[in-house]
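The values are calculated or read from the model by the stated rules, or taken from the named source; none is laboratory data. Since we're looking at a predicted model, the values are computed, not measured. FYI the Cβ positions are ideal-geometry reconstructions off the backbone, even for glycines, and counts take in every protein chain you see.
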Amino acid sequence: MTRAEKRYFKLYTSRHVVSGKSNYQLLFDAIARMQDYDEDALLKKFAGEAFTKRFAITKRRLYETILHSLDAFHAESSTDARLRRMLHQVELLHQRALYDDARKMLR
């Protein structure tokens, strides 16, 4: 990931944290500092944390969160992505019977 993508990920994940850092941020920072991925070292580092009991699930959710943040970060970089998002918004408006708003968006 680029430096900007990493920064955006931290901002993206901090939206859902009341104070401090989320488990995802802690794990992400620890992995980012590693030269080579070492799961045993991570488990030792976070031995007292509850998320290590379900570490596979936490890693999977971190992976999904990274993908969501990358998607949001690059949302405006592709014309295709912008068109798909706009069509999805039109579909949502149409489902809610907001036909005039949907029509305006298509213009």
Hey, any hits in region 36-59 for a residue that's touching a Ser or Thr at 6+ places or on another chain (Cβ under 9 Å) and small (Gly, Ala, Ser)? no
Out of (1) in a helix (DSSP H, G or I); (2) surrounded by 11 or more Cβ atoms within 10 Å (Cβ to Cβ), the one Val17 does not meet is (1)
Being of a type in the set (A, V, I, L, M) and outside any helix (DSSP H, G or I) is the filter; apply it to region 33-64 and report the residue that is surrounded by the most Cβ atoms within 10 Å (Cβ to Cβ). Met34
Note down all Cβ pairs under 6 Å where the first residue falls in region 9-27 and is of a type in the set (Gly, Ala, Ser), the second is at pLDDT 80 or above and not in a helix (DSSP H, G or I), and they're at least six residues apart or on different chains. none
Among the numbered criteria (1) of a type outside the set (D, E, K, R); (2) over 20 Å from Thr2 (Cα atoms); (3) modelled with pLDDT of 95 or more, which single criterion is violated by Ile66? (2)
Would you check if Val17 is aliphatic (A, V, I, L, M) and at pLDDT 95 or above? no
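So if I check each of Leu98, Leu92, Leu106, which one is at pLDDT below 95 and either aromatic (Phe, Trp, Tyr) or more than 25 Å from Phe9 (Cβ to Cβ) (or both)? Before you say what the answer is, go through the steps one by one.
Details: Leu98 fails: at pLDDT below 95; Leu92 fails: at pLDDT below 95.
Result: Leu106 is the single residue among Leu98, Leu92, Leu106 that is at pLDDT below 95 and either aromatic (Phe, Trp, Tyr) or more than 25 Å from Phe9 (Cβ to Cβ) (or both).
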If you take the residues of region 69-107 that are acidic (Asp, Glu) and part of a helix (DSSP H, G or I), which of them is surrounded by the fewest Cβ atoms within 10 Å (Cβ to Cβ)? Asp80
Pairing a residue in region 69-86 that is within 12 Å of Glu5 (Cβ to Cβ) with any residue that is assigned to a helix (DSSP H, G or I) and among the charged types (D, E, K, R), where Cβ atoms lie under 7 Å and the two sit 6 or more apart in sequence or on different chains, gives Leu70/Glu5; Phe73/Glu5
